[in-house]
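Report on the following structure.
The values are calculated or read from the model by the stated rules, or taken from the named source; none is laboratory data. Quick caveat, the model's predicted, so the values are computed rather than measured. All Cβ positions, glycine included, derive from the backbone under ideal geometry; neighbour counts span all protein chains shown.
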Amino acid sequence: MSAPNIETIVSLAKRRGFVFPASEIYGGLGSSWDYGSLGVELANNIKQSWWRWLVHERDDIEGLDSSIIQNRLVWKYSGHEATFSDPLVDCRTCKGRFRLDKLQDVNCPKDNAHHAGSGKECDLTEPREFNLMFRTTVGAVSSDEDESALAYLRPETAQGIFINFGNVLNTSRRKLPFGIAQIGKAFRNEVTPGNFIFRTREFEQMEMEYFCRPEDAPRIHQEFIDGFLEWFDSLGISRENLKLYEQSPEELAHYAQRTVDILYRYFPERDDEDKQFDELMGIANRTDFDLRTHSKKPEDREGKRLNSDSTDDLSYFDPATNERFYPYVIEPAAGVNRTILAVLMDAYTEKTNEKGEVRVILKLKPELAPIKVAVLPLAKNKPEIVALAKQLKKDLLPAMRTVYDDTGGIGKLYARQDEIGTPFCVTVDHESLEDNAVTVRDRDTWAQERVSISELKKYLQERLSK
Ligand code: ATP
């Protein structure tokens, strides 16, 4: 089972402290969200899993953390200044403003039952291009209009990687093929954000640029497509809720040779199966466009430099073949927030207890669970039981995120931990003081097992690693 719709996750996320609407006490700010104590742990666990899998476990990928604000020229030569835009339409009747290619996803403000553009009264203007980059100014400028101080918040993390290709190559002494990975915030002034954390104006990306010889690019591209399906599987996302989408030649960015998106079933409530899926991540073969465009050497037919501002040439010299060329780039680009949403939706389960009450269980993979173990005293008015429970929490903590909770009856405490995805509860009772053992309760089966305190850490570590 997975969540029947995004709204189920919105309400769980707010109720239990995963995600809150941003600026809520001032009426909110369209499609901005804050991550609460459990949300930030879940996000960190996802990012750590990605980083460990790519940067630590492989031997061919370096990490990077580049600036959010870069020289404006980065965005000139990447093409973002001229072309990073969406087609925008206004409705003269309802005064709504929509992204033309996403009309089916948004309702008309005048008549909520209608999709924008499908209502009888809709009267749409001709589309015009709207640049998605957030503008800002750098330094103590006299006016916001001062073009010389204009800068942008990065709309993707990728460009920070391309412009550092030479630095990483020289300092790491890498040979092709190798990759550079980065996780960080990106900003897009989306025309129609929405669907909770699916599309927001501020979000986080996990991007990796893998540099290789042109002839190896198609094979490596396919390996990353297969690899990412496996990574999502390791996060507990079921294969039936994922789909591959091959971009058509008309959809491909001008520099891309092939792009495959991995889609997740974010909208299971929709009748049309195809419309149930939307993009979780994209994996593109970007050819040699990026390193070439940021390089000072390439020239046009008349011998004029294509980039007259760059001071470096980002080509690669292969000593084995004595060739100099611009490497091809395979880019797997995933959203942290869309991964969080997919993980939460897929983990959502309901189970009926013996009293006929429906309980929510978040069946998160232990690796992702914000809390791995909750230690609960059965009687909080018994100092010896409380002391033992607190000691256990302390002993387990270095090995696994453990919390102590005595704020309710045991049934309520179990239900609370199930709902936030804690794999195990450890209950300390009167007998524990006699037999030096505790009860370990499994989140998914609700089965309970008596485990001796001396074995507890090893027992939990083994079960958490499964
Ligand atoms: P879309 O077509 O949905 O606008 P995109 O193809 O423009 O997405 P990319 O530029 O390929 O997205 O960015 C890589 C990843 O970053 C996406 O697959 C997605 O997970 C994430 N992402 C992009 N835009 C947003 C956004 N506005 N909010 C949240 N995540 C985003």
Problem - From 190, 156, residue being touching a His at 6+ places or on another chain (Cβ under 9 Å), surrounded by 15 or more Cβ atoms within 10 Å (Cβ to Cβ) and not in a helix (DSSP H, G or I) - result: 156
Exercise for the section: Please tell me if residue 98 is closer than 29 Å to residue 73 by Cα, more than 12 Å from the ligand (Cβ to nearest atom) and among the aromatic types (Phe, Trp, Tyr). Expected result: no
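Quick grid of which residues meet (1) in contact with a strand residue (DSSP E or B) (Cβ under 8 Å, 6 or more places away or on another chain); (2) without any contact (Cβ under 8 Å) to a residue 60 or more places away in the chain; (3) buried (at least 21 other Cβ atoms within 10 Å of the Cβ):
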position	(1), (2), (3)
167	no, yes, no
176	yes, no, no
183	yes, no, yes
208	yes, no, yes
Problem - Checklist (1) part of a strand (DSSP E or B); (2) exposed (fewer than 15 other Cβ atoms within 10 Å of the Cβ) applied to residue 101, failing item - result: (1)
Completion exercise
Only one of 166, 184 is within 17 Å of the chain's Cα centre (by Cα), more than 10 Å from the ligand (Cβ to nearest atom) and small (Gly, Ala, Ser), namely 184
Problem - Flag if residue 143 is assigned to a loop (DSSP other than H, G, I, E, B) and away from the ligand (no atom under 11 Å from the Cβ) - result: yes
Completion exercise
Of the residues in segment 40-74 that are touching a Pro at 6+ places or on another chain (Cβ under 8 Å) and not aliphatic (A, V, I, L, M), the one that is surrounded by the fewest Cβ atoms within 10 Å (Cβ to Cβ) is 60
Exercise for the section: Among the numbered conditions (1) among the β-branched types (Val, Ile, Thr); (2) assigned to a strand (DSSP E or B); (3) within 16 Å of the ligand (Cβ to nearest atom), tell me where residue 343 comes up short. Expected result: (2)
Handout entry: Test result for residue 180, assigned by TED's automatic domain parsing to the domain that holds residue 285 and in a strand (DSSP E or B)
Key = yes
